[in-house]
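Okay, so here's the structure we're looking at.
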Amino acid sequence: MTFVPSHQQTPPAGWYGDPYDPTVLRWWSGIGWTEYTAPRPPARPVRPPRKWIGRFGGWIIAGCSAFVWLWLYGFSLLLGAIAPHAKDDAPAVLSPYLLVTGAATVAAAILYTMAYRLRPEDRLSASRLVIIAGVGGLAATLVAGPVNSIIDVLSGGTAAHPSGVALVCAGVVEELVKISAAVLLAWRLPVKDARIGLFVGGAVGLGFSVIENLGYLQEAFARGQENGMGIGVFLVTTIGRQLTGPFLHPVFSALLGAAVFGAARAGRFRLTWSIVLAYLAVAAAHGVFNGAAWLAQVLPWPEAARGGALLLFDLVFVVASGLTWWLIARRIRVSTDARRAAADVAAAEPAA
């Protein structure tokens, strides 16, 4: 028996791990170890906590959005059959459910997937990531929109026919504004590395794309009502924005964010040549995509040929953009895991 002075606090009596044999438990009397032992029960596997709606939550979000569309269209057909002339004198109005889901479904699904993949060591909560996406996207569009409009007016463009200069320069303006918003919103984050840059930059890009999509879809609906094509223009625009959106603003901002955050040292941002080159690269890619859309409108080709050429270019661009993001993200993941593992090993080693 080991006796402990009464002024020292000791654990209460009970079964504890044997300090001499890790395979058994030994009874602690409150003041010392006794001779009584018991086999240690098998350890139960620790199950990771369930996160929100699971790993396939992004697909669930997309499925709910599809249900909203089917619900609204189903009821519109039903009401049209019951009262086919009830809305002949009413103005054409776009449902806010169609507008919001058409602009934000893919962005919400991707943002959910990003938040699901956050790790405790990232020190970045899902709620903060959502705030960065919303606030960053709103702030960036509020700044970039007027600047792009001024450039368009000065270069001779109009609302219906933007100038090629404004479309190409949009990459320079928007990428600078988005990364500035990402840096400001992440200024106090405890961890700043390339992995966090992918998350923060991508979140701001998603928020920016949602606001931009809202404008495109409203314009498409109005254009469809004007030229007699109804909601068809809106549907085509929705599909195009949802398919290409994940490979434009989110990818551009994520890659630039990885460069900016990866260059940070001791929790402080720095301006390096690698950041300048990354910015020029994403701005050029952004400008090339916009320039191709403008070029397809002014080329003296048949409309079908111009549409086919633009579709082929978009397909190649999307594949190249997604592949670039995947390769860089994979490299960042490997290097980040290796660096954090080395830091854990160093922290576990006893001091010399």
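The values are calculated or read from the model by the stated rules, or taken from the named source; none is laboratory data. Since this is a predicted model, take the numbers as computed values, not measurements. Using ideal geometry, Cβ is built from the backbone for each residue, glycine included, and neighbour counts are taken over all protein chains shown. Side chains included, ligands, DNA and RNA excluded: accessible areas come from the protein's heavy atoms. Shrake-Rupley method; radii C 1.70, N 1.55, O 1.52, S 1.80 Å.
Under a GNM of the chain (C-alpha, springs under 10 Å), which listed residue has the highest mean-square fluctuation: Ser180, Ser155, Ser321?
Ser155
To the nearest 20 debye, what is the magnitude of the charge dipole of segment 76-168 about its Cα centre, counting +1 on the Cβ of each Lys and Arg and -1 on the Cβ of each Asp and Glu?
On the way: 5 positive and 5 negative charges, 83 e Å.
Magnitude of the dipole: close to 400 debye.
Which whole-Hz couplings ³J(HN,Hα) result when phi for each residue of segment 98-113 is put into the Karplus expression 6.51 cos²θ - 1.76 cosθ + 1.60, θ = phi - 60°, listed in order with x for Gly and Pro?
Result, rounded to whole Hz: 5, 5, 5, 5, x, 8, 10, 4, 5, 4, 5, 5, 5, 5, 4, 4.
Check Asp193: other-chain or 5+ apart residues with amide H under 5 Å from its amide H, H built from backbone geometry?
none
Along the charge dipole of the chain, pointing to its positive end and built from +1/-1 on Cβ of Lys, Arg, Asp and Glu, which listed residue (Val298, Thr34, Gly230) has its Cα farthest out?
Result: Thr34.
Enumerate the amide H contacts of Val24 below 5 Å, restricted to partners 5 or more residues apart or on another chain; note that Pro and chain-start residues carry no placed amide H.
Asp18, Arg40
In square angstrom, what is the accessible area per residue of segment 166-290 with a 1.4 angstrom probe?
The answer is 42 Å² per residue.
So what is the relative contact order for the chain, in percent, with contacts set as C-alpha pairs under 8 Å and at least six apart?
Working: 394 pairs, mean separation 52.5, N = 352.
Reported as a whole number, the value is 15 percent.
Quick one: which residues, 5 or more positions from Ser163 or on another chain, have an amide H under 5 Å from its amide H? H modelled 1.01 Å from N in the peptide plane, none for Pro or chain starts.
Result for Ser163 returns Gly157, Thr158.
Determine the relative contact order of segment 84-181: mean sequence separation of Cα pairs under 8 Å and six or more apart, normalised by residue count, in whole percent. Don't skip to the answer; put the middle values down first.
On the way: 39 pairs, mean separation 20.4, N = 98.
Normalised by residue count, the contact order of segment 84-181 is 21 percent.
Would you mind getting me the FRET efficiency between Ala160 and Ser127? Use the beta-carbon distance for r and R0 = 56 Å, nearest 0.05. Don't jump to the answer; show the numbers that get you there.
On the way: r = 41 Å, r/R0 = 0.73.
The value I calculate is 0.85.
Would you kindly derive the ³J(HN,Hα) couplings of segment 158-169 from the backbone phi angles with the Karplus curve 6.51 cos²θ - 1.76 cosθ + 1.60 (θ = phi - 60°), listing them in order in whole Hz, with x for Gly and Pro?
So the Karplus estimates, Gly and Pro as x, are 10, 5, 7, 9, x, 6, x, 4, 5, 5, 5, 6 Hz.
If you work out P(r) over Cα pairs in 10 Å bins from 0, in percent from the coordinates, which of [x] 5, 18, 25, 19, 12, 8, 6, 4, 2, 0; [y] 5, 22, 28, 22, 14, 7, 1, 0; [z] 6, 24, 32, 24, 10, 3, 1, 0 do you get?
[x]
Which is farthest toward the positive dipole end of segment 144-284 among Ile275, Val251, Ala166, measuring Cα position about the Cα centre, with Cβ charges +1 (Lys, Arg) and -1 (Asp, Glu)?
Farthest towards the positive pole: Ile275.
At Leu243 and Gln297, where each label point lies 7 Å from the Cα along Cα→Cβ, what is the point-to-point distance in nanometres?
Here the answer is 2.0 nm between the modelled labels.
Considering only Ala140, Ile82, Leu124, whose Cα is most displaced toward the positive end of the charge dipole of segment 33-184, charges sitting on Cβ of Lys, Arg (+1) and Asp, Glu (-1)?
Result: Leu124.
Based on DSSP H runs of at least 4 residues, each adding -39500 (n - 2.57), what is the mean residue ellipticity at 222 nm of the chain after dividing by all its residues, to the nearest 500 deg cm²/dmol?
On the way: 9 runs with 230 residues, N = 352.
Here the helix-only value at 222 nm equals -23000 deg cm²/dmol.
FRET efficiency for Ala320 and Trp27, Cβ-Cβ distance as r, R0 = 45 Å, nearest 0.05? Provide the component values of the computation, followed by the final result.
Working: r = 67 Å, r/R0 = 1.50.
So the FRET efficiency works out to roughly 0.10.
When the dipole is taken about the Cα centre of the chain, and only Lys, Arg (+1) and Asp, Glu (-1) are charged at their Cβ, what size is it in debye, to the nearest 20? The partial results should precede the final answer.
Working: 27 positive and 19 negative charges, 211 e Å.
That gives a dipole near 1020 debye.
Within segment 96-158, which trypsin sites (Lys or Arg not before Pro) sit in a loop by DSSP and count at most 16 neighbouring Cβ atoms inside 10 Å?
On the way: sites: Arg117, Arg123, Arg128; in loops: Arg117, Arg123.
Listed in order of number, the matching sites are Arg117, Arg123.
Defining a contact as two alpha carbons under 8 Å apart and six or more residues distant in sequence, what relative contact order in percent does segment 218-352 show? If you can, show how the numbers build up before the last one.
On the way: 61 pairs, mean separation 26.1, N = 135.
Relative contact order here is 19 percent.
Residues in segment 189-224 near a label at Thr272, defined as backbone nitrogen under 16 Å from the 7 Å Cα→Cβ point?
Backbone N within reach: 192-198.
May I ask you to evaluate 6.51 cos²θ - 1.76 cosθ + 1.60, the Karplus curve with θ = phi - 60°, for each residue of segment 282-287 and list the ³J(HN,Hα) values in order in whole Hz, giving x for glycine and proline?
Whole-Hz 3J(HN,Hα) from phi for segment 282-287: 5, 5, 5, 4, 4, x.
Tell me, what % of the accessible area of segment 268-349 is carbon and sulfur with a 1.4 angstrom probe? Spell out each step's value before the answer.
On the way: 4060 of 5680 Å².
Carbon and sulfur atoms account for 72 percent of the accessible area of segment 268-349.
What is the calculated FRET efficiency for Arg223 to Leu184, with r their C-beta to C-beta distance and R₀ = 41 Å, to the nearest 0.05? Can you show the working numbers first?
On the way: r = 36 Å, r/R0 = 0.87.
Once rounded, the FRET efficiency stands at 0.70.
Roughly what would the spin-label model give for Arg339 and Cys64, points 7 Å off Cα along C-beta, in nm?
3.5 nm
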